[in-house]
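Q: Quick one: the structure is below, questions incoming.
The values are calculated or read from the model by the stated rules, or taken from the named source; none is laboratory data. Here the structure is a predicted model, which means the values were calculated and not measured. FYI the Cβ positions are ideal-geometry reconstructions off the backbone, even for glycines, and counts take in every protein chain you see. When the accessible area is computed, the model is the full protein with side chains, heavy atoms only, and any ligands, DNA or RNA have been set aside. Shrake-Rupley method; radii C 1.70, N 1.55, O 1.52, S 1.80 Å.
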Amino acid sequence: MLLQYILKTSVLPREHEQLKELREATKKHPLGPMGVPPEEGQLLSLILKTMNAKKALEIGVFTGYSLLTTALALPHDAKITAIDMDGSYYEIGLPFIKKAGVEHKINFIQSEAHSILDKLIQEVKQDELFDFAFVDADKNNYIHYHEKLLKLVKIGGIIAYDNTLWLGTVVTEELVDPKYPDIVGILRDYVVKFNKFLAADPRIEISQVVVGDGLTICRRVY
Ligand code: SAH
Ligand code: CA
């Protein structure tokens, strides 16, 4: 109810036309619900603009809703490195990204992300670290992404993790509702462990926000 109200009042009337079209095109895809919802996109956009981000990293692109959101929020000369092991989803989103005129900001890398991050850690100069990273890929590996991203995102920068409420299953003590696919139950314990880990990690400040499927926003302290 409240979400419908928020969408109708504050989100959908302001959604960029190409984001709306990309969202419509993604709906037809069987994995459509994986995309970041518009109310979460709006929050990410506000964070990116408020912090004046210029260099961003995205892990888990799918058809590109969060990527196009990021590209629209960043200034003309900004750069986003976006990684997904499946390039076919990105093909669906690319026409909308082009139409929005922001393709030049994006460096899309089709690969499994862990090896790319290792490579970036080797290459990146300390004065060229990322301002912002958005993680929305393999939940069982969030903990490994975290260690790598603390080397790639600058002090004061933001690392945001998606789906940290995992369809609400983080609070179900018993078995996960059988209406969900098996993967939900398999990944649940990883998400719960990861949330505990972040809550106790002194290297970051955090805020876990009830938006979409849960977004944990971390600010690197040291
Ligand atoms: N942020 C996207 C949704 C991402 S869905 C949006 O707003 O639409 C998760 C994506 O992560 C999928 O496209 C999947 O291919 C990708 N992925 C999963 N594990 C990965 C890995 N280890 N490396 C790179 N990409 C991965
Ligand atoms: Ca997600």
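Q: Cut-off under 21 Å on the C-alpha distance; same-chain residues fewer than 8 positions from Lys193 excluded. Which lysines are left, in chain and number order?
A: List returned: Lys139, Lys148.
Q: Name the long-range amide H neighbours of Ala133: under 5 Å, sequence gap of 5 or more, or other chain; modelled H, no Pro or chain starts.
A: The answer is Leu57, Ile158, Ile159, Ala160.
Q: Provide the gained length on full extension for the span Lys98 to Glu24, in nm with one decimal, where the gain is 0.36 nm per separating residue minus the Cα-Cα distance.
A: Value of the extension gain: 25.0 nm.
Q: Let me ask something else. Just to confirm a number: summing +1 for Lys and Arg and -1 for Asp and Glu over residues other than Ser66 whose beta-carbon lies under 9 angstrom from that of Ser66, what do you get? Walk me through the intermediate numbers first.
A: Values: positive: none; negative: Glu40, Glu58, Asp136, Asp162.
Summing Lys and Arg as +1 and Asp and Glu as -1 gives -4.
Q: Kindly state, to the nearest 0.05, the FRET efficiency for Met51 paired with Leu7, given R0 = 25 Å and r defined as their beta-carbon distance.
A: Rounded to the nearest 0.05, the efficiency is 0.50.
Q: For Leu165, which sequence-distant residues (separation of 5 or more, or a different chain) have an amide H within less than 5 Å of its own amide H, given hydrogens modelled in the peptide plane?
A: Gly214
Q: Right, here's the next one. Holding the Cα-Cα limit at 31 Å, pick out from Lys20/Lys196; Lys55/Lys179; Lys98/Lys119 the pairs that are longer than that.
A: Cα-Cα > 31 Å for Lys20/Lys196; Lys55/Lys179; rest within.
Q: Let me ask you something else. Taking the Cα centre as origin and putting +1 on Lys and Arg beta-carbons and -1 on Asp and Glu beta-carbons, what dipole magnitude results for region 1-154, to the nearest 20 debye?
A: With Lys and Arg at +1 and Asp and Glu at -1, about 360 debye.
Q: Quick one: if you take sqrt(5λ) for each eigenvalue of the C-alpha gyration tensor of the chain, what semi-axes come out, biggest first, whole angstrom?
A: The equivalent ellipsoid of the chain has semi-axes of 24, 23, 17 Å.
Q: While we're looking at this one, here's another question. Rounded to the nearest 500, what is the 222 nm mean residue ellipticity of the chain from helices alone, with -39500 (n - 2.57) per DSSP H run of 4+ residues and division by all residues?
A: Helix contribution divided over all residues of the chain: -12500 deg cm²/dmol.
Q: If the cut-off is a Cα-Cα distance under 12 Å, which aspartates and glutamates reach Lys105, setting aside same-chain residues fewer than 8 apart in sequence?
A: Asp77
Q: Give, as a single signed number, the net charge of other residues whose beta carbon lies under 11 Å from the beta carbon of Ala160, with Lys and Arg counted +1 and Asp and Glu -1.
A: Value of the local net charge: -3.
Q: Then there is this: Once the dipole of the chain is set up with Lys and Arg at +1 and Asp and Glu at -1 on Cβ about the Cα centre, which of Leu12, Val184, Gly35 lies farthest towards its positive end?
A: After comparing all options, I get Leu12.
Q: Among 5-13, 49-57, 29-37, what's the highest-first ranking by average C-beta atoms within 10 angstrom per residue?
A: Packing proxy ranking, top to bottom: 49-57, 29-37, 5-13.
Q: A further question follows. Please identify the DSSP H helices in the chain that span no less than 24 Å along the helix axis (Cα) and have a mean Kyte-Doolittle hydropathy of -1.0 or more.
A: Helix filter hits for the chain: 182-200.
Q: Moving on. Using only the heavy atoms of the protein chains and a 1.4 Å probe, how would Arg188, Arg219 rank by accessible area, largest first? The partial results should precede the final answer.
A: On the way: Arg188 35, Arg219 105 Å².
These residues rank, largest area first, as Arg219, Arg188.
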